[in-house]
1. Only one of these is outside any helix (DSSP H, G or I), touching a His at 6+ places or on another chain (Cβ under 6 Å) and of a type outside the set (Ser, Thr, Tyr): Val49, Val13. Name it.
2. Enumerate the pairs (first residue in region 93-108 and charged (D, E, K, R); second residue anywhere and open to solvent by 60 Å² or more (accessible area, probe 1.4 Å) and not in a helix (DSSP H, G or I)) with beta-carbon separation below 7 Å, excluding pairs fewer than 6 apart on the same chain, so at least 6 apart or on different chains.
3. Considering each residue of region 20-65, count those that are without any contact (Cβ under 8 Å) to a residue 12 or more places away in the chain, polar (S, T, N, Q) and open to solvent by 50 Å² or more (accessible area, probe 1.4 Å), and give that number.
4. Working only within region 89-111, note down all residues that are within 17 Å of the chain's Cα centre (by Cα) and assigned to a helix (DSSP H, G or I).
Amino acid sequence: MPAEHVEAGAGEVYEVLWPLGPSTAQEVELSARPADLSGRRIGFVWDYVFRGDEIFAQMQRALSERYPMATFASYESFGNVHGKGEEEVLEALPERLRAERVDAVIIGVGA
């Protein structure tokens, strides 16, 4: 990260560094989202932090009212995506989602 010289006024010059490096993230194409959740199977994926069990229960109730034909796959079907064994859980997640016939996923990450 190269330093730059910036004039501050009155002849003062400061050496400054840009705190952010170039982005290394690669853009990925998102999957098409369903226009409607009627008849869809929705999976809940969680990191087992910050009351996700309560929040998912509330979300499921609200979604069931709005989309009575929707079904749900519990976060318990997928495992803890944060903590001990997370690498294995994340590696297995695509296959687990297919096995549960999930059409859409709600991911809860506690803070």
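The values are calculated or read from the model by the stated rules, or taken from the named source; none is laboratory data. Values in this document were obtained by computation on a predicted structure and should not be read as measured data. Positions of Cβ are backbone-derived with ideal geometry, glycine not excepted, and every protein chain shown enters the neighbour counts. Accessible surface is based on the protein model in full, side chains and every heavy atom, while ligands, DNA and RNA are left aside. Shrake-Rupley method; radii C 1.70, N 1.55, O 1.52, S 1.80 Å.
1. On the way: Val49 fails: touching a His at 6+ places or on another chain (Cβ under 6 Å).
Result of the check over Val49, Val13: Val13.
2. Asp103/Arg40
3. Residues of region 20-65 that are without any contact (Cβ under 8 Å) to a residue 12 or more places away in the chain, as a first pass: 20, 22-32, 35, 54, 57-58, 61-62, 64-65.
This time we only want the ones that are polar (S, T, N, Q), so: 23-24, 26, 31, 58, 64.
In the following step, the residues that additionally are open to solvent by 50 Å² or more (accessible area, probe 1.4 Å) were identified as 23-24, 26, 31, 58.
Count: 5.
4. We begin by selecting, within region 89-111, every residue within 17 Å of the chain's Cα centre (by Cα); these are 89-94, 96-97, 102-111.
Val89, Leu90, Glu91, Ala92, Leu93, Pro94, Arg96, Leu97, listed by residue number.
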